[in-house]
Amino acid sequence: MSDAIDRLVRESRPELGTREARDVNWTEVDRGLFGRIEAERRAERAALKSSKGRLWALVAGGLAAAAAVALIVGKAREPRTMDPVQVVADESAGSVVAIEGDGQLMIDGKPGRVGAELHLGDVLETHGAQATIERPGKLTVVVEQGAKATVARTQGALVLALDRGAVEAQVVPVPSGEAFAVDVGPSRVAVHGTHLRVARTGDHVVVDLTEGVVSLGPAPRIGSTLGSLVTAPAHAEFTATDAEGTLVVSHDALTVRAAASFVPVGPSRASLPALAAAPVKSEPADTRPPSSSGAAPRPDVRSPGSSPGRAATMLAEPDPEAAIVAAVRACVASRPHADNVTVVVTTTVRLELRADGSVQSARFDPPVAPDVNGCASGPIYGTHFTHGGSLSVPVDVRVPSSAP
């Protein structure tokens, strides 16, 4: 039975729809279709004439489509690497909350005022006055008298390019990445959260750190700064053209310039524009000779015993090198990574030790990820040796894949 039906279908298939097709007026079908298309075009042209904005949108869309076609054709003919074009909103660099002194603050060559909002590319100059800038809840910056700085970055961390003079900042710590940075020529002083002052005279740079940890190194185009870690209290000096190669650090509290007394940063400060940081001396930090009178450290400067890791300097660990290796391995292992990836890190921790065996400076060679750098800095600077001098601690880390 089924074979008969299949045969009937095969025999009748050539005739299916033939009669109906003969009854269709295809000329009228074509005329109606193209008439509808033309009517839609006329309506679109009329709408475009009544709106220049829409006309420009159409032109821009056409250009974008042409660019996309050109890119596809170019890639088909010859493989190449294209830099992505990104449109980034201009995030505020903060606002001026105070101007102190008989002079004035200039913003892009024009007199600035309290309440002025700063943006990417703004050039700040102080003549006979100092200005206080605040990013509520993030940081407070004092641009001292005679300083010139440019807002170099606003997305995420605020970066100021310092041409001359000094800036001092109180920065709220962030869990990862950098919260604030100062560029001096090709070098950068970057912080996660701290109180510091950066002064520049020509290519000579002085950093006075009273809280936290800073990273000193070449200014990266993107990402975090990889360089030498310096913990508070510290007085550091270097040449802007070679920060790591010329870096000299002292952790003697008497060499660290006294910190300015800032009003705590936070949303409440925005409602008090008349308040400002306490006046800051305008002389460069490197011109003030260290005290030799043997007097006790000033109360507004943290003593060495209160700095990160210094409590451990009273007693050397049984195996300080193994402690550093273990700390770095733990920091690498704690980083998130894909389940099917095995992480392998080979680096060397270059240490400069004081005579009492405490760590004066440390750097990774080659550099490690910024979050590993920050994670390991506390344990490294808290380690104590039985000798001074220079030391290299090789570290090999392998975090196996967790995939089955």
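Taken together, the values in this text are just the output of simple stated rules run on the coordinates, not laboratory data. It should be emphasised that the depicted structure is a prediction, and the values quoted were computed from it without experimental measurement. All Cβ positions, glycine included, derive from the backbone under ideal geometry; neighbour counts span all protein chains shown.
One table, with the values for the structure above:
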item	result
Charge tally in the Cβ shell below 12 Å around residue 35, where Lys, Arg are +1 and Asp, Glu are -1, residue 35 excluded	0
Simple spin-label estimate for residue 120 and residue 365 in nanometres, 7 Å along Cα-Cβ	3.7 nm
Sum of side-chain charges, residue 200 neighbourhood, beta-carbon under 9 Å (Lys, Arg +1; Asp, Glu -1)	-1
Simple spin-label estimate for residue 252 and residue 38 in nanometres, 7 Å along Cα-Cβ	9.5 nm
For segment 309-399: relative contact order, % (alpha-carbon pairs under 8 angstrom, 6 or more apart)	46 percent
Exposure proxy order (Cβ contacts within 10 Å, fewest to most) of 126, 201	201, 126
Segment 161-258, dipole about Cα centre (Lys/Arg Cβ +1, Asp/Glu Cβ -1), debye to the nearest 20	160 debye
Full-stretch length increase - residue 221, residue 330 - with 0.36 nm per residue and alpha-carbon distance subtracted	36.4 nm
Computed label-point distance, nm, for sites residue 354 and residue 92 using a 7 Å Cα→Cβ extension	4.3 nm
Quarter of Cα convex hull surface for segment 108-238, i.e. mean projection, nm²	7.4 nm²
Mean separation of Cα contacts under 8 Å, 6 or more apart, over the residue count of segment 94-287: relative contact order %	16 percent
Ascending count of other beta-carbon atoms within 10 Å, so fewest first, for 160, 391, 226	391, 226, 160
